[in-house]
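Student: The following block contains the structure, expressed as structure tokens.
All of the numbers you see were taken from the coordinates with simple rules; none came from a lab. Model, not experiment: these values are computed from the prediction. Heads up, the Cβs are rebuilt from the backbone with ideal geometry, glycines too, and the neighbour counts pull from every protein chain shown.
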Amino acid sequence: MAAKTEKLTQHILFIMKHKTSQFLLFSTLVFFLMPAHAADVPERTDYGSVEERRIESNILQERESFRKEREEISLRKKELKVLEEGVDKKLAEIDKKLEELNTLQKKIESLLAKKSAEEKKRLQELATIYGKMTPAKASLALSGLDSQLAADLLANMKIKSAAKILDQLSKQKATEISNTFSTLQLE
């Protein structure tokens, strides 16, 4: 290896002295063919000129600089890979949590639908009960209820029965229930 390096160095010196334009091309080629670490190159002491020493020193410095850059790039690649793996794990956790939340949301929506259906059924049954009562008794019972519930009960009765019960209520309560009945409720 030392013999090859010596021959290359002598050839470089020859080209430097006689063909300066080709020197740059050749020195670049030599740079990549020489050992990767500056420590692998035996130290020379028989320089023909100061210029030779300066050029070889520059080449060695550049090689060392490139080696350090490659090491830095390699380290950064490793760091990026670790970060990427961490991000992938976090994304997988987020996906899992989203799936769990979607499952819970569906379960809650199902329970709310069942509850709403059960409430409608009970409201219908209660409306049937109030519809079968005498208008005086039904109006007395409705006057003590919340306006929304009273309006919902009247809405589920036959129109004729609801009108008779509404006629028996006090003017104030009848107006309150009518206003509640005519207002749209968003559920």
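Student: Gain in length, Ser65 to Ala163, computed as 0.36 nm per residue apart minus the alpha-carbon separation, to one decimal in nm? Kindly include the intermediate steps, with their values, before the conclusion.
Tutor: Numbers: separation 98, 0.36 × 98 = 35.28 nm, distance 9.65 nm.
Stretched out fully, the Ser65 to Ala163 stretch lengthens by 25.6 nm.
Student: Viscosity 1.306 mPa s, temperature 10 °C: give me the Stokes-Einstein translational D for segment 133-187 in µm²/s, with Rh taken as the Kirkwood radius over C-alpha pairs.
Tutor: The Stokes-Einstein estimate is 144 µm²/s.
Student: Just give me a number: lysine pairs in segment 133-187, eight or more positions apart or cross-chain, with C-alpha atoms less than 17 Å apart. Spell out each step's value before the answer.
Tutor: Numbers: Lys137/Lys158; Lys137/Lys160; Lys137/Lys164; Lys137/Lys171; Lys137/Lys173; Lys164/Lys173.
Lysine pairs meeting both conditions in segment 133-187 amount to 6.
Student: What list do you get for Asp46, Asp146 if you sort them by fewest beta carbons within 10 Å? The partial results should precede the final answer.
Tutor: Working: Asp46 7, Asp146 10.
By the 10 Å Cβ count, ascending, the order reads Asp46, Asp146.
Student: What number comes out for the charge environment of Ser139, summing +1 per Lys or Arg and -1 per Asp or Glu over other residues with Cβ under 10 Å away? Intermediate values should be presented prior to the final figure.
Tutor: Details: positive: Lys137, Lys164, Lys173; negative: Asp167.
Residues close to Ser139 contribute a combined charge of +2.
Student: With contacts defined as alpha carbon pairs under 8 Å and 6 or more residues apart, what's the relative contact order of segment 133-187 in percent? Kindly include the intermediate steps, with their values, before the conclusion.
Tutor: Details: 33 pairs, mean separation 25.1, N = 55.
Relative contact order for segment 133-187 comes out at 46 percent.
Student: Now for a separate question. Which lysines, on any chain, are close to Lys106 with Cα under 17 Å apart, when same-chain ones fewer than 8 places away are left out?
Tutor: Straight-distance partners of Lys106: Lys96, Lys97, Lys114, Lys115.
Student: Which value in nm describes the separation of the simple spin-label points at Lys132 and Leu80, placed 7 Å from the Cα toward the beta carbon?
Tutor: So the two model labels end up 7.9 nm from each other.
Student: Right, something else. In whole Hz, with x marking every Gly and Pro, tabulate ³J(HN,Hα) for segment 65-72 from phi via Karplus 6.51 cos²θ - 1.76 cosθ + 1.60, θ = phi - 60°.
Tutor: 4, 5, 4, 5, 5, 4, 4, 4
Student: So if I average 1/r over every pair of distinct C-alpha atoms in segment 88-187 and take the inverse, what Kirkwood radius in Å does that give?
Tutor: Numbers: mean 1/r = 0.0625 Å⁻¹.
Evaluated on segment 88-187, it is 16.0 Å.
Student: In whole Hz, what ³J(HN,Hα) sequence does segment 135-147 give by Karplus (6.51, -1.76, 1.60; θ = phi - 60°), x for Gly and Pro?
Tutor: So the J values, rounded to whole Hz, are x, 5, 5, 5, 5, 5, 5, 5, 5, x, 8, 4, 4.
Student: In addition: Straight-line reach from Lys121: which aspartates and glutamates fall under 15 Å, measuring Cα to Cα and dropping same-chain residues less than 8 apart?
Tutor: Partners within reach: Asp152.
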